[in-house]
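Asker: Please find one structure pasted underneath; my questions will follow.
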Amino acid sequence: MTDAATPGTDGLMKAAQEAAKGGRLPPVHLWNPPFCGDLDMEIRRDGTWFHEGTPIGRAPLVRLFSTILKKEGEKFFLVTPVEKVGIRVEDAPFVAQDFEAEGKGPAQIVTFTTNVGDKTVAGPENPIRVERDETGEPSPYVHVRAGLEALIDRKSFYRLVDLGEAHEVAGVDWFGVWSGGVFFKIIPVRELSL
């Protein structure tokens with residue numbers, strides 16, 4: 001996408017800009033407009049947004065679009081009060097690129113920052129989860145808002161592991177991390193290589 005808006009994105013941009021003026025996220029959870037078709041837009045696993053095969057290079061524009069992103073089932077949409085268009089998301093729509101940790105043990109608070117500027121505190125409402133592929137390679141995620149997750153980037157995941165500790169959950173010893181009074185499991189202790 002070039003710097004200029006393309007047909008089909010004008011209304012989306014205006015809705016996002018209107019919400020941004022107030023410094024808040026638009027209430028996309030309240031909007032249920034008719035489906036208007038799919039837009040040739042994709043969010044890749046590394047967090048790069050593409051429109052018609054071209055990366056969107058303007059970070060403020062990506063941020064604006066990210067504020068009107070909605071997930072319904074396994075599908076993703078950009079929505080306004082009057083239109084809803086489908087987009088493709090390769091993995092998670094956001095990437096957690098950094099975090100800050102305060103405290104220790106159950107009192108620890110881990111606050112993630114995403115590639116689009118969202119901040120999310122891991123805890124009961126924003127859990128951390130780790131999926132493993134067939135080779136055992138982990139893909140860690142943190143919930144950001146309204147069913148939207150961020151893939152935790154590799155450097156942040158390594159830092160998170162440095163904060164980890166063993167804790168028993170339902171009779172099984174797990175290695176994981178605390179945040180917001182919740183212990184988030186990463187891997188069973190018995191599977192850790194010594």
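Computed from the coordinates by the stated procedures, all read-outs in this text should not be read as laboratory data. Predicted model, so just to flag it, every value in this text is computed and none were measured.
Asker: With an 8 Å Cα cut-off and a minimum separation of 6 or more residues, compute the relative contact order for the chain in percent.
Answerer: Here the relative contact order equals 17 percent.
Asker: If you don't mind, another one. If you fit an axis through the alpha-carbon atoms of helix 10-21 and take the longest principal axis of the Cα set of the chain, what angle between them do you get, 0 to 90°, nearest 10?
Answerer: The two axes meet at around 60 degrees.
Asker: Of Glu131, Glu165, Glu74, which is the most mobile in a GNM of the chain whose springs link Cα atoms less than 10 angstrom apart?
Answerer: Glu74
Asker: Below 8 Å, C-alpha to C-alpha, sequence gap of six or more: please give me the relative contact order for region 20-84 in percent.
Answerer: Rounded, it is 40 percent for region 20-84.
Asker: Where Rh denotes the Kirkwood radius from the mean inverse Cα pair distance, what is Rg over Rh for the chain?
Answerer: Dividing the radius of gyration by the Kirkwood radius yields 1.02.
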